[in-house]
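Read through the structure below, which is laid out as structure tokens, and then see the notes.
Read-outs: derived from the displayed coordinates by stated rules, not from any lab. Remember, it's a predicted structure, so these values are computed and weren't measured experimentally. Every residue, glycine among them, receives a Cβ derived from its backbone with ideal geometry; neighbour counts consider all protein chains shown.
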Amino acid sequence: MYRQLYMVSPEQQYRVQPAEKGDISQTVSANGTINPVSLVNVGTQVSGTVKKLYVDFNSKVEKGQVLLELDDALLAAQKKQSQANVQSATASLELTTANEARMRSLFAQEYVSRQELDTAIQAKKAAEAQLQLTRATVEKDQANLAYSVIRSPVSGVVVDRSVDVGQTVAASLQTPTLFKIAQDLSKMQIDANFAEADIGSIRVGQAVRFTVDAFAGRNFQGVVKLIRLNPTTVQNVVTYDVVINVDNPEQILLPGMTAYVSIAVAERKDVLLIPNAALRFKPASSNTQKSSAHLGGSPNGDAAKPKKDAFSGKVHVLKQGELKPVSVTLGITDNRYTEVGGDELKAGDQVVIGEAQAADKSTSSGSRPPMRMF
């Protein structure tokens, strides 16, 4: 009886994938919110109670169309009071005008002094000024009365209504918002927050692709319009608002939808590509480290390791049953594949991307390789 040990070949020990030529695109991604390009908040300049409501959510309105009316009883009464003041000021002016003419006649006949004439002239001028003041008050009250009828400043669609009939609105220090009107829902924009690490790659005019949850599997297109210079900092994370123009001819993209935005910031054609898993792979025992230790290097091999930077990396290639390390120059990545350069790696080389799942974790617990008894 004897034992025969089955040895695991390198081809069975590792998972490999060939390096291939192809196209790659590097993207930056972020989430954003779809908003109308022009959203107008309609408020009121006067206080009052809502008497009539003419529009509701999703109502299409034209510029100048009546949206609601406020109770104008107090404003109308104020206007009548001002008009009565105009009549009183007019009568006062007529009296002072006649008094001035009479004083001039008496002064010419030397029956009154110059001071009495000047007093009459001053009284007439004061009456004229008072008449102008009351007329201006009438104009102001007329404007306030007109403000009790709220009209749409633009043509569009009502996307929000904040009041109901019978509700009292108070216009004091801050104008209350009654309606929000989207001017044109066929033109939308996305406000997306990109991390500061990605903002340097984004330029105005770049093409944008995005998806929304409401239409899974469908890609939409947009264009970068603006990178706002006002940063937002939340828990030491700095982001910038990137505004993206979007055409919405079908009007299926609605305000408030979440958009998952992707911007292609670099593209390469017909370059050598390897899986990202190959860059993460490290063999359990490296022959290169052992040999460097025998050659007098430091025990941990630090002295023999070349300095690495963000543009270099190392992969392992399976050639003629042996695992060989290969240094490469790194290019752009799409998070699945990475562009690589250098003279050592060629298209078709079998790049190791991980340990094989065969020999299966049965040996991972420390047990010996399977044996066969005869």
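Observations on the model:
- Scanning residues 5 or more positions from Q206 or on other chains, those with amide H under 5 Å from its amide H are V224, with H placed 1.01 Å from N in the peptide plane.
- Dipole of the chain computed with +1 at Lys/Arg Cβ and -1 at Asp/Glu Cβ about the Cα centre; of F281, Q167, P325, farthest Cα towards the positive end is P325.
- Of V224, V265, V326, the residue with the greatest mean-square motion in the GNM of the chain, using alpha carbon springs below 10 Å, is V326.
- The string of couplings for region 23-39 from the Karplus curve (6.51, -1.76, 1.60, θ = phi - 60°) is 9, 9, 9, 9, 10, 10, 10, 6, 9, x, 10, 7, 9, x, 5, 10, 10 Hz, one whole number per residue in order, with x for Gly and Pro.
- Of K63/K180; K180/K225; K63/K225; K282/K324; K314/K346; K60/K187, pairs whose Cα-Cα distance is over 20 Å: K180/K225; K63/K225
- Comparing Y111, Y54, Y337 in a Gaussian network model of the chain where C-alpha atoms under 10 Å apart are linked, the largest mean-square fluctuation is found at Y111.
- Within the shell of other residues whose beta carbon sits under 14 angstrom from the beta carbon of A136, the net charge comes to 0, with Lys and Arg scored +1 and Asp and Glu -1.
- Between the entries (i) -1.10; (ii) -1.21; (iii) -1.45, the label attached to log10 I(q)/I(0) by the Debye sum over Cα atoms at q = 0.14 Å⁻¹ calculated for this structure is (ii).
- Rounded to the nearest 20 debye, the dipole magnitude of the chain is 1160 debye, with +1 charges on Lys and Arg beta carbons, -1 on Asp and Glu beta carbons, and the Cα centre as origin.
- Farthest towards the positive end of the charge dipole of region 1-111, among the residues L75, A101, Y54, is the Cα of Y54, using unit charges on the Cβ of Lys, Arg, Asp and Glu.
- Averaging the Cα positions of each part gives two centres, and for region 211-233 and region 144-172 these lie 32 Å apart.
- Charge dipole of the chain about the Cα centre (unit charges at C-beta), most positive-ward option of T239, Q13, M188: Q13
- Cross-link reach is defined here as a Cα-Cα straight distance under 13 Å, omitting same-chain residues fewer than 8 places apart; for K21 the aspartates and glutamates meeting it are D270, E339, D349.
- Our helix-only sum for the chain, with -39,500 (n - 2.57) per DSSP H run of n ≥ 4 divided by its residues, gives a mean residue ellipticity at 222 nm of -8000 deg cm²/dmol.
- Cross-link partners of K80 among aspartates and glutamates (Cα-Cα below 18 Å; sequence separation of 8 or more within a chain): D71, D72, E139, D141
- Arranged from fewest to most other beta-carbon atoms within 10 Å of their beta carbon, I353, I181, I199 become I199, I353, I181.
- Other residues whose C-beta falls under 15 angstrom from the C-beta of L273 contribute a net charge of -2, scoring Lys and Arg +1 and Asp and Glu -1.
- Local charge for Q78 was computed over the other residues whose Cβ lies under 14 Å away, with Lys and Arg +1 and Asp and Glu -1, and equals -1.
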